[in-house]
Amino acid sequence: MTAERAGGKATFKLRVVPLPAEDDAVIEEHGARVFVEANAAILLDDKVLDATTDQDQVAFTFVDQSVS
């Protein structure tokens, strides 16, 4: 996952890769592994990544840790 900042907003991009980059944060939980670019990890430090599935599609959302 990568992040780009424009003004006060951040845009995140998700792509499937087999291995993390050298400076990626690696997050493993409940059998899932997510590789997060260092800049994105800083922006997401106080967030929880939530995933839901509907048939063959997956949707991701970020939730404040205080809510989860």
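Looking at the structure I just gave you, is residue 46 open to solvent by 100 Å² or more (accessible area, probe 1.4 Å) and of a type outside the set (A, V, I, L, M)? Show your work before the answer.
Details: open to solvent by 100 Å² or more (accessible area, probe 1.4 Å): no; of a type outside the set (A, V, I, L, M): yes.
Judged against the criteria, residue 46 is not a match.
Give the residues of the stretch 51-65 that are in contact (Cβ under 8 Å) with a residue 12 or more places away in the chain, more than 19 Å from residue 15 (Cβ to Cβ) and not β-branched (Val, Ile, Thr), sorted by residue number.
The answer is 64, 65.
Just one of (1) open to solvent by 70 Å² or more (accessible area, probe 1.4 Å); (2) at pLDDT 90 or above trips up residue 30, so point out which.
With (1) open to solvent by 70 Å² or more (accessible area, probe 1.4 Å); (2) at pLDDT 90 or above applied to residue 30, the lone miss is (2).
Only one of (1) of a type in the set (Gly, Ala, Ser); (2) at pLDDT 85 or above; (3) more than 17 Å from residue 4 (Cα to Cα) fails for residue 68. Which number is that?
Single failed check for residue 68: (2).
Is there a residue in the stretch 5-22 that is among the β-branched types (Val, Ile, Thr), open to solvent by less than 100 Å² (accessible area, probe 1.4 Å) and part of a loop (DSSP other than H, G, I, E, B)? Outline the logic, then answer.
To start, the set of residues in the stretch 5-22 that are among the β-branched types (Val, Ile, Thr) comprises 11, 16-17.
Then keep just the ones that are open to solvent by less than 100 Å² (accessible area, probe 1.4 Å); that gives 11, 17.
From the residues that got through so far, the ones that are part of a loop (DSSP other than H, G, I, E, B) too are 17.
Yes: one or more hits.
Which ones in the stretch 23-55 are β-branched (Val, Ile, Thr) and assigned to a strand (DSSP E or B)? Reasoning before the result, please.
Step one: list which residues in the stretch 23-55 are β-branched (Val, Ile, Thr), which gives 26-27, 34, 36, 42, 48, 52-53.
Passing the criteria: 26, 27, 34, 36, 48, 52, 53.
Could you please let me know if residue 58 is assigned to a loop (DSSP other than H, G, I, E, B), of a type in the set (Val, Ile, Thr) and open to solvent by 70 Å² or more (accessible area, probe 1.4 Å)?
The answer is no for residue 58.
So which residues in the stretch 36-49 are farther than 20 Å from residue 6 by Cβ and under 9 Å from the mean Cα position of the chain (by Cα)?
Passing the criteria: 48, 49.
The values are calculated or read from the model by the stated rules, or taken from the named source; none is laboratory data. Predicted, not measured: the structure shown is a model, and the values here were computed from it. Positions of Cβ are backbone-derived with ideal geometry, glycine not excepted, and every protein chain shown enters the neighbour counts. Areas reflect the complete protein model, heavy atoms only, side chains present, ligands, DNA and RNA absent. Shrake-Rupley method; radii C 1.70, N 1.55, O 1.52, S 1.80 Å.
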